[in-house]
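Scroll down for the structure; my scribbles are underneath it.
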Amino acid sequence: MNELAQRVGAALKQRGLLLVTAESCTGGWVAQAVTSVPGSSDWFERGFVTYSNAAKQELLGVQSRTLKAHGAVSEETAREMAAGALKRGGGQVALAITGIAGPTGGLAAKPVGTVCFAWAHGSKISGDTRCFDGDRESVRRQSVLHALHGVLQLLEK
């Protein structure tokens, strides 16, 4: 994870960009991973931990209608989280994660391990949904890694 965070940092720094994170089920783990890299203040602006729907709305501007129509665990919500982080966070690149890490909380349509992601840069926002296997720790770890890989993919486009 540290090597991946270093690669993300190098890519952001090379482009003169700052990263902002918006995390729900990972509880700030991405922010922790990137700030463990020495010199991360050159490319990391801030992280939002928005675990509750109220926090998603208040801090990131996620619309109540989006939450009602699609739920907190949806690409639509992740996209609004990323857009809000970009708008309110002072960076040029944002990532968002919202999911069900378990062991409870899953439904047939959204089982435990379902995690939705979004990445934003400028006016471009992309999203992805994954269903990871494993316990809570494993789902969260896989989510952090996927989110960081997504930043690299975004910057390489």
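Structure data summary
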quantity: Of residues in segment 114-157 being of a type outside the set (D, E, K, R) and touching a Ser or Thr at 6+ places or on another chain (Cβ under 6 Å), the one farthest from residue 80 (Cα to Cα); calculated: 131
quantity: Residue in segment 101-111 that is touching a Lys or Arg at 6+ places or on another chain (Cβ under 9 Å), modelled with pLDDT of 95 or more and of a type in the set (A, V, I, L, M) present; calculated: yes
quantity: Meets criteria (touching a residue at least 60 places away in the same chain (Cβ under 8 Å) and farther than 24 Å from residue 155 by Cβ) for residue 27; calculated: yes
quantity: Any hit, segment 82-103, residues being under 14 Å from the mean Cα position of the chain (by Cα) and charged (D, E, K, R); calculated: no
quantity: Residue within segment 103-117 that is in contact with a Gly (Cβ under 8 Å, 6 or more places away or on another chain) and under 17 Å from residue 32 (Cα atoms) present; calculated: no
quantity: Pairs with Cβ under 6 Å, 6+ apart, first in segment 67-78 and under 16 Å from residue 131 (Cβ atoms), second in a loop (DSSP other than H, G, I, E, B) and basic (Lys, Arg); calculated: 73/110
quantity: Among (1) in a helix (DSSP H, G or I); (2) within 25 Å of residue 139 (Cα to Cα); (3) charged (D, E, K, R) - the single one residue 13 does not satisfy; calculated: (2)
quantity: Selection within segment 17-51 - assigned to a loop (DSSP other than H, G, I, E, B) and touching a Leu at 6+ places or on another chain (Cβ under 8 Å); calculated: 17, 18, 43, 50
quantity: Subset of segment 2-32 [charged (D, E, K, R) and open to solvent by less than 10 Å² (accessible area, probe 1.4 Å)]; calculated: 23
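The values are calculated or read from the model by the stated rules, or taken from the named source; none is laboratory data. Here the structure is a predicted model, which is why all the values come from computation and not from measurement. Quick reminder, even Gly has a Cβ in these numbers, built from the backbone with ideal geometry, and neighbours come from all protein chains shown. Keep in mind that these areas ignore ligands, DNA and RNA; they rest on the heavy atoms of the full protein, side chains included. Shrake-Rupley method; radii C 1.70, N 1.55, O 1.52, S 1.80 Å.
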